[in-house]
1. Of the residues G84, G284, G101, which exhibits the maximal mean-square fluctuation in a Gaussian network model of the chain defined by a 10 Å Cα contact cut-off?
2. Return the single residue from E103, E246, E233 with maximal mean-square fluctuation; model: Gaussian network over the chain, springs between Cα atoms under 10 Å.
3. With Rg and Dmax of the Cα atoms in Å in mind, check (1) 18.5, 55; (2) 19.9, 75; (3) 23.6, 82 and report the label derived from this structure.
4. Evaluate E = 1/(1 + (r/R0)^6) for A58 and T279, where r is the Cβ-Cβ distance and R0 equals 41 Å; express this FRET efficiency to the nearest 0.05.
5. For the stretch 151-197, just say rounded, prolate or oblate: build the C-alpha gyration tensor, square-root its eigenvalues into a ≥ b ≥ c, call rounded for a/c under 1.5, and beyond that prolate if a/b exceeds b/c, oblate if not.
6. Is the shape of the stretch 1-86 best called rounded, prolate or oblate, per the rule: a/c under 1.5 gives rounded, else a/b larger than b/c gives prolate, else oblate, with a ≥ b ≥ c the square roots of the Cα gyration tensor eigenvalues?
7. Below 8 Å, C-alpha to C-alpha, sequence gap of six or more: please give me the relative contact order for the chain in percent.
8. Among T170, T56, T95, which one shows the biggest mean-square fluctuation in a GNM of the chain, springs joining Cα atoms closer than 10 Å?
Amino acid sequence: MTISATHYSDPGCPWAYSVSPALAVLYWRYGPSIDWRFVTIGLTERGDQYEKRGYTPAKSARGYRSFRRYGMPFTTQPRRRIPGTSRACRAIVATRLSDPGNEHNVFRALQLGWFTTALVLDEDADIAQALRGVPGLDVDAVVGAIDDPAVVEAYERDRAEARSAAGGPTEFQGKAANSDGAVRFTAPSVVFETADGRRLEAGGFQTIEAYDVLIANLDPTLERRPAPADPFEAIASFGYALSTQEVAAIMTSGNDAPDRDAAEDALIDLAASGRIVRTPVGDGALWVAGAEAAAMQQPRAA
């Protein structure tokens, strides 16, 4: 049996970015047994919505420091202004319509652009710069479609679906939000469903333990791949570069605490041997198999 997972998220949410190690474990552990669907939340249509809530470039940059405890790399370089998230979300939707299956890689690239550079990701040139490293993506076509009526219509459907959390487990647990008149899923929320209609919600930021117990209750017959003994096995199986914390989480046995230092030591040895490439980003690094590094280019601030 395959479990379907609907991932409600937004590239401009630091909580959504910080859950990446737990999601990486799910991708590794369950592979094709989970069929993922991505729904954009559209947190804000314009940057001034954040400004009215008191956000400034400096305040946002300082705020990112508090998320470092979850292990993903962050920069504290202030942007020249606060962006809204709508156009970046629509770039994801445009990819889903024109290049199905690649939207996850676009989401990932936009997250890295948002949290490890000072790119202003409601400006099309900066969105394009963040996406240049996504292998096989027609960046100009995706960015050019952001205002296409079909993309806007699909994006509005995403927004409506994301604002359907009223009365459900996510709201019950205090993990929902109402920032524009409707109770919505917060980023990141994941809803797991089976073909026979059983449904479990993991609203908002959750740990790998929470995701894992939901999956185990939905279908304990799924193949559950154990942690790799060698980090190269994990890195080689992903189509994009992984952070140190993601590798550490994937290498963790069961749901024990990740050993980041041990993972980084192993990654350093692999980099020294030339089998993988280390790219500094934010206050950390991304690691990718050497053969794939030439096809990838991480976003850089203008």
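Please treat every number below as a calculation from the coordinates, not as lab data. None of the values given here were measured: they were computed from a predicted structure. Glycine gets a Cβ as well: all are built from the backbone with ideal geometry, and neighbour counts include every protein chain shown.
1. So, out of G84, G284, G101, the one fluctuating most is G101.
2. E233
3. (1)
4. Working: r = 27 Å, r/R0 = 0.65.
E(calc), rounded to 0.05, equals 0.95.
5. Working: a/c = 2.19, a/b = 1.10, b/c = 1.99.
Oblate, because a/c is 1.5 or more while a/b does not exceed b/c.
6. On the way: a/c = 4.00, a/b = 1.77, b/c = 2.27.
Cα axes put the stretch 1-86 in the oblate bin.
7. Numbers: 564 pairs, mean separation 72.0, N = 302.
In percent, rounded to a whole number, it is 24.
8. T56
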